[in-house]
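The values are calculated or read from the model by the stated rules, or taken from the named source; none is laboratory data. Bear in mind the structure is a predicted one, so any value in this text is a computation, not a measurement. Don't worry about glycine lacking a Cβ; one is built from the backbone with ideal geometry, like all the others, and counts go over all protein chains shown.
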Amino acid sequence: MNERITQMSKAQNILVIGGGVAGLAVAIGLHNQGLKVEVVEKDASWSVYHVGIIVQANFIRALDQLGVGKAAVAAGYPYKGARFRNVAGEVIAELPGDSQVDGLPSDLGLTRPALHKVLTDEVKRLGIPVRLGVSFDSFTDTGGAVEVTFTDGSSGSYDLMIGCDGNYSAVRKVLWPDAAPQYTGQAVWRYNVPRPADLEWSDIYIGIDNGFKGKAGYCPLTPEEMYIFAVIEEPGKPRFAPETLADEMRKRLAGYGGLMAEAAAHVTDPALVVYRPLEACIMPDPWYRGRVVLIGDAAHSATPHLGQGAAMAVEDAVVLAEELAGKDVDTALRAFMDRRFERARLVGTSSIQLGEWEMHPETAGDPVELTQRIREKLAEPV
């Protein structure tokens, strides 16, 4: 009898809300553990914007656990690690990578569409059902199941629902209506430009006196392309007319030397500039209520200062799938939190701290030391 009750309380039929990095990764992980999973994604086009992301060894390790690590490396550009430069472009510190996965690099740049294709190709290969242009309309946790009504008028019953719907999560808003992303005071500007053939590092330029406070940098994405960014204090969370975005980004890159000065000259098409105010929401423990759990940005959105947003989402996915495979729902979710909460919180709070130092340099600590310490911590297995 006890064995039957335990088996009934395990999650055998799981709904994933959101078809981004977190949702696709957890769907793959759950399928690989032999669990039935279904994904709904509200964006009927299932598309992502064309900018780059910077990922490190813990991200590649987590993707490799899902079976797609080598595909991601092939879709991106491995590089040697991170360097810090001064405004003139002189190297002041190097943080070389140290891979934890045999045959895979420690640092990787790739475009968001390339990562999206790696994950969607695997989901399609595995035959995981994905419904596009659909999300939940309402849900009720009965204690033994989650009863869901969808926006297309259909309904379903699930053992567990996973909210993977990002920083502005609709699932989170239902269960925690007061938990909302807060503006950090900074915004990020992104643009893809041609990559010099000899660029083998991601470079971060710190300190600037051009009327703006922040930092800038770039990262290789492919043999032909690199991604440049500026993380800048933007008081009042301003919005800009779309046609001015290239001019505004170049203003924020003015005064940097070295390769950054050359790269900034390529920022010419306002339609290709991606500007986003940085808002973060780090949920307290636990990230679940009953049979509904949040992962990725829905649970712990961080600013991009450590390049760990996608990595934290994929790590969440791997760990949650592992725990659900062998435990009842309550035990699995508690074990998931025990493995994930402090690690994700450390990334989130440290990222915000780096941003605070950039806005208030008079009180700043050592960003190189903090970045190196977090990289070393994240090299440890989850």
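Couple of notes before you dig in:
- Of all residues in segment 283-296 being under 19 Å from the mean Cα position of the chain (by Cα) and closer than 17 Å to M161 by Cβ, the one that is surrounded by the fewest Cβ atoms within 10 Å (Cβ to Cβ): M283
- Whichever residue in segment 313-338 is crowded, with 18+ Cβ neighbours inside 10 Å and of a type in the set (D, E, K, R) and, among such residues, is farthest from the chain's Cα centre (by Cα): K327
- Positions within segment 283-299 being β-branched (V, I, T) and either at pLDDT below 95 or closer than 17 Å to G143 by Cβ (or both), in sequence order: V292, V293
- Positions within segment 74-122 being touching a Pro at 6+ places or on another chain (Cβ under 8 Å) and within 30 Å of N210 (Cβ to Cβ), in sequence order: Y77, Y79, K80, G81, F84, D107, G109
- Of the residues E380, E356, E362, the single one that is within 25 Å of I53 (Cβ to Cβ) and part of a helix (DSSP H, G or I) is E356.
- The listed residues are A299, A261, A216, A230, and the only one of them that is part of a helix (DSSP H, G or I) and crowded, with 24+ Cβ neighbours inside 10 Å turns out to be A299.
- Pairing residues of segment 121-147 that are on the phi > 0 side of the Ramachandran plot with residues that are hydrophobic (A, V, I, L, M, F, W, C) and at pLDDT 95 or above, at Cβ distances under 6 Å and at least 6 apart in sequence or on separate chains, gives G133/A44.
- Every pair of residues 6+ apart whose Cβ atoms lie under 6 Å, when the first sits in segment 218-232 and is free of Cβ contacts under 8 Å to residues at least 60 places away in the same chain while the second is hydroxyl-bearing (S, T, Y): I228/Y191; I228/Y218
- Residues (part of a loop (DSSP other than H, G, I, E, B) and surrounded by 15 or more Cβ atoms within 10 Å (Cβ to Cβ)) located in segment 120-138: I128, V134, S135
- The residue that is farthest from G207 (Cα to Cα), among those in segment 337-382 that are in contact with a helix residue (DSSP H, G or I) (Cβ under 6 Å, 6 or more places away or on another chain) and polar (S, T, N, Q), is S350.
- Complete set of residues in segment 149-166 that are surrounded by 21 or more Cβ atoms within 10 Å (Cβ to Cβ) and part of a strand (DSSP E or B): Y158, L160, M161, I162, G163
- Breaking point among (1) at pLDDT 90 or above; (2) under 30 Å from F212 (Cβ atoms), for R343: (2)
- Here V55 qualifies as buried (at least 18 other Cβ atoms within 10 Å of the Cβ), modelled with pLDDT under 95 and touching a strand residue (DSSP E or B) at 6+ places or on another chain (Cβ under 6 Å).
- In segment 324-337, the residues that are closer than 15 Å to I295 by Cα reach residues that are crowded, with 20+ Cβ neighbours inside 10 Å and of a type in the set (F, W, Y) with C-beta atoms within less than 7 angstrom, at least six apart or across chains, in these pairs: L333/Y288; M337/W287.
- Among the residues of segment 267-296, those that are among the acidic types (D, E) and not in a strand (DSSP E or B) comprise D269, D285.
- The residues of segment 302-312 that are under 11 Å from the mean Cα position of the chain (by Cα) and in a helix (DSSP H, G or I), listed by number, are P304, L306, G309, A310, A311, M312.
- Checking I204 against (1) in a loop (DSSP other than H, G, I, E, B); (2) buried (at least 22 other Cβ atoms within 10 Å of the Cβ), the condition it does not meet: (1)
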